[in-house]
1. With θ set to phi - 60°, apply the Karplus curve 6.51 cos²θ - 1.76 cosθ + 1.60 along the range 357-363 and write out the HN-Hα couplings as whole Hz, x wherever there is a Gly or Pro.
2. Give me Rg/Rg_expected for the range 138-250, where Rg uses Cα atoms only and Rg_expected = 2.2 N^0.38 Å with N residues.
3. Grab the beta carbon distance between GLU364 and ARG295, set R0 = 22 Å, and tell me the FRET efficiency rounded to 0.05.
4. Within 10 Å of each candidate Cβ there may be at most 12 other Cβ atoms; applying that plus a DSSP loop requirement, which chymotrypsin sites (Phe, Trp or Tyr not before Pro) in the range 217-250 survive?
5. Using a Gaussian network model of the chain with C-alpha springs under 10 Å, which one of ILE334, ILE49, ILE180 is most mobile by mean-square fluctuation?
6. Taking a 18 Å limit on the Cα-Cα distance, which of the listed pairs LYS72/LYS326; LYS201/LYS236; LYS72/LYS418 fall beyond it?
7. Of the residues GLY402, GLY29, GLY431, which exhibits the maximal mean-square fluctuation in a Gaussian network model of the chain defined by a 10 Å Cα contact cut-off?
8. Explain nothing, just the number: relative contact order of the chain, from Cα pairs under 8 Å at least 6 residues apart, as a whole percent.
Amino acid sequence: MSDSTATASRTEGAATTGDSLTIRDNRTGQSYDVPISQGTVKAADLGKIRAGDDQPGIAVYDPGFVNTASCKSAVTFIDGEKGILEYRGYPIEQLAEKSSFLEVTYLLIHGELPTREQYESWVHEITYHTFVHENVRNFMEGFRYDAHPMGMLMASVAALSTFYPESRNISDADNRHMQIVRLIAKMPTLGAWSFRHAQGKPYVYPDNDLSYTANFLAMLFRMSEKKFEADERLVKALDVLFILHADHEQNCSTNAVRSVGSSQVDPYSATAAGIAALYGPLHGGANEAVLRMLRRIGSVDKVPEFIEGVKNGKERLMGFGHRVYKNYDPRATIIKKACDDVFEVTGVNPLLQIAQELEKIALEDEYFVQRKLYPNVDFYSGLIYEALSFPPEMFTVLFAIGRTPGWLAQWLELVQDKEQKIARPKQIYTGDRTLDFVPASERWK
Ligand code: CMC
């Protein structure tokens with residue numbers, strides 16, 4: 001074999017700046033220069049490395065995409081080591097404190113903060129698309145009496161694609177805008193109706209005099225009142241929770257939206273795919289698990305024993321640890337503050353004391369310190385949701401409402417990105433080959 005150097009691929013400047021990776025293929029003795037751009041190499045460049053002309057190119061085996069960038073995105077920045085989360089460059093702490101969920105949705109979708117006129121027009125558009133076609137209501141009423149609200153939400157969002165067939169025209173910017181407005185606007189209506197359904201309560205129509213989040217609370221909890229006006233502190237706390245969940249770059253559900261959206265399907269179907277991904281316990285279900293854990297511990301004096309169980313590997317401290325955040329989850333700090341505001345109105349959730357004791361002990365304990373385990377967004381959010389009278393099945397629905405603008409901002413980026421292609425990963429085939437088929441009539445003799 002020769003020991004020559006071949007160029008797998010060249011991009012501008014790569015050879016001169018030295019931003020490249022030299023790979024030596026020991027099967028052939030050949031070396032390749034692969035350009036590095038923004039800390040990545042192109043998988044297609046690796047694909048040019050072959051053991052022979054009739055051999056497949058090198059591919060990357062990466063279950064769960066733990067080290068694979070699937071897109072370029074300007075929506076959300078995360079630095080897990082430093083505990084930084086920014087939407088379109090704005091720190092989450094500032095957005096949670098000084099902005100509103102609808103302003104954040106504008107920011108995520110449009111890429112910049114709105115002027116006063118833009119904001120007013122955005123709020124007007126969203127507010128006046130909160131109603132759904134009456135047939136959607138009839139459709140939802142057909143679910144079993146105890147249907148999981150997340151299943152109802154997913155199916156209803158998918159069904160919206162049949163009400164807006166023009167949504168398939170994803171190359172038209174105005175059309176895309178219309179569907180984005182509809183999705184953000186109708187999500188609370190569908191979420192609230194899914195909740196009312198399981199309780200056997202009549203569905204409540206939107207009240208367009210109210211803000212986005214206040215209207216959602218009214219559709220959830222209004223009974224015979226002429227006007228339902230939730231406590232402003234609760235409205236603010238839920239609005240903050242929506243902001244905290246609005247995007248988190250390429251997580252499982254966002255990846256599902258992008259992957260399904262890459263087939264150029266309408267955004268309702270792509271969003272329904274995101275909801276399906278979020279439905280799974282590994283993604284949207286951790287806050288429910290935190291509540292179950294706190295109930296199982298039962299009282300503050302049982303905390304040390306529980307922590308010992310965690311350290312011995314018998315238990316997992318739910319709501320602690322994160323794949324990305326290794327110092328702290330900035331959302332957890334904000335949620336803790338929202339907890340105080342909510343409990344001021346609803347009275348303290350007795351499980352809070354247990355949670356605080358767990359946090360105190362864990363943050364001082366060598367086991368957790370060494371492994372960089374800190375409270376994540378789910379450690380306190382379940383306590384707030386419970387204090388707001390939500391049953392655990394609703395927690396993921398709330399997450400889905402908050403995450404919708406993020407999914408749509410990412411979908412919008414995808415459909416306008418010329419480098420994107422239909423998602424189609426490779427596989428490593430491990431099955432049989434070239435077997436001779438024997439018809440059933442002969443096999444079953
Ligand atoms: N309790 C006890 N030990 C833990 C925990 C925990 N919650 N999390 C991680 N560890 C230990 C783990 O056993 C391992 O120890 P060792 O090195 O001795 O084997 C070490 O810490 C590294 O853990 P890992 O499993 O390699 O970390 P990961 O990045 O793969 O997992 C995680 C991240 C979030 C799945 C995990 O921390 C976990 O299961 N946490 C509890 C569930 C939870 O709260 N999930 C919600 C995450 S936030 C949701 C969102 O952002 O959308």
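1. 5, 4, 4, 4, 5, 4, 5
2. Details: Rg = 15.4 Å, N = 113, 2.2 N^0.38 = 13.3 Å.
Ratio of Rg to 2.2 N^0.38 Å for the range 138-250: 1.16.
3. Working: r = 24 Å, r/R0 = 1.10.
E(calc), rounded to 0.05, equals 0.35.
4. none
5. Result: ILE49 has the largest fluctuation of those listed.
6. Details: LYS72/LYS326 23 Å; LYS201/LYS236 26 Å; LYS72/LYS418 11 Å.
Going by Cα-Cα distance, LYS72/LYS326; LYS201/LYS236 fall outside the 18 Å limit.
7. Residue with maximal mean-square fluctuation among GLY402, GLY29, GLY431: GLY431.
8. On the way: 618 pairs, mean separation 79.3, N = 445.
Reported as a whole number, the value is 18 percent.
The values are calculated or read from the model by the stated rules, or taken from the named source; none is laboratory data. Quick caveat: nothing in here was measured; it's all calculated off a predicted structure. Virtual Cβ from ideal backbone geometry, glycine too; neighbours counted across all protein chains shown. Please note that ligands, DNA and RNA were not included when accessible areas were found on the heavy atoms of the full protein model with its side chains. Shrake-Rupley method; radii C 1.70, N 1.55, O 1.52, S 1.80 Å.
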